[in-house]
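Working notes, structure below.
What follows is calculated from the coordinates using simple rules that are stated; it is not laboratory data. Because the structure is a prediction, the values reported are computed rather than measured. Here the Cβ is made from the backbone with ideal geometry for all residues, glycine too, and neighbour counts use every protein chain on show.
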Amino acid sequence: MNPEERLRDARLLLVTDPRSDLATRVAAAVRGGVDIVQLRDKHASWEALLPLAVELKEICERAGALFTINDDAELARLSGAAGVHLGQGDGPMASAREMLGPGVIVGRSVSSVEETFEAVREGADYLGVGTVYATPTKPEEAAVGPALLEEIAQAGVPVPWFAIGGVTFETAREVARAGAPGFAVVRAVLDAEDPAAAARELRSFLTDVPRDRTRA
């Protein structure tokens, strides 16, 4: 399958944070069912991150998962990543596509229905919707709560989307019932004693929800 086809089936997206054993934990996570791994490090340069990006890409490819880069289209190009994820302040998606060439996937972060459909018009392949609940990963961002997820699910967004921000084993059921077709997580998997088991458990919250409650 090409990246677009694999994206359509994706339900669990893992956003990384810096840690010494990241490659080992990512390898376990994709074995457990993570569909997309997004390398995120707001402080390191692309030069410093390139060897790690190449290693994680190879891990993902062996497991049939997609590997993407947060924010940095240049790092995505150099590492051969399947795509890049852009925040609201990271510039136009057209520029990233021009740099990366055909066949890449480009995601966009959104926190309102208006931003959601603007991103779709701009050509986003998938969306990260949130921050749903307060999280130490992005303490500066206000939580939108599950009500936004219900709005977006009912609006029939035509691209895959993932609820992000405070999605944990305690909140996952509520997020799925609100209509989210996928989760984007950090610590729920990476902090787990067994990342593979954590990934499997998170996916179970999505498969337990009737599919007509979600849009993908």
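In terms of surrounding Cβ atoms within a 10 Å radius of their Cβ, Phe183, Phe205 rank from fewest to most as Phe205, Phe183.
Give, as ranges by residue number, the residues of region 86-100 whose backbone N falls under 19 Å from the point 7 Å along Cα→Cβ of Glu114. Under cut-off, by backbone N: 87-92.
Please compute the alpha carbon radius of gyration of region 3-113, then divide it by the globular-protein estimate 2.2 N^0.38 Å. Two decimals is fine. List each step's numbers first, then the result.
On the way: Rg = 13.1 Å, N = 111, 2.2 N^0.38 = 13.2 Å.
That ratio works out to 1.00.
Given a cut-off of under 8 Å on Cα pairs at least six residues apart, what relative contact order in percent is computed for the chain? Mind dumping the intermediate values first?
On the way: 428 pairs, mean separation 47.6, N = 216.
Here the relative contact order equals 22 percent.
The calculated P(r) of region 111-193, using every Cα pair and 10 Å bins from 0, goes 19, 52, 26, 3, 0 in percent. Find the Rg to Rh ratio for region 3-208, where Rh is the Kirkwood radius over alpha-carbon pairs and Rg uses the same atoms. We get a ratio of 0.93 for region 3-208. Note on Trp46, Trp161: ascending count of other Cβ atoms within 10 Å places them as Trp46, Trp161, the fewest first. When the Gaussian network model of the chain links Cα atoms closer than 10 Å, the mean-square fluctuations of Val132, Val37, Val120 top out at Val120. Projecting label points 7 angstrom from Cα along Cα→Cβ for Leu78 and Asp194 puts them 3.9 nm apart. Per-residue ellipticity at 222 nm computed for the chain from its helices equals -12500 deg cm²/dmol, with DSSP H segments shorter than 4 residues left out and the rest contributing -39,500 (n - 2.57).
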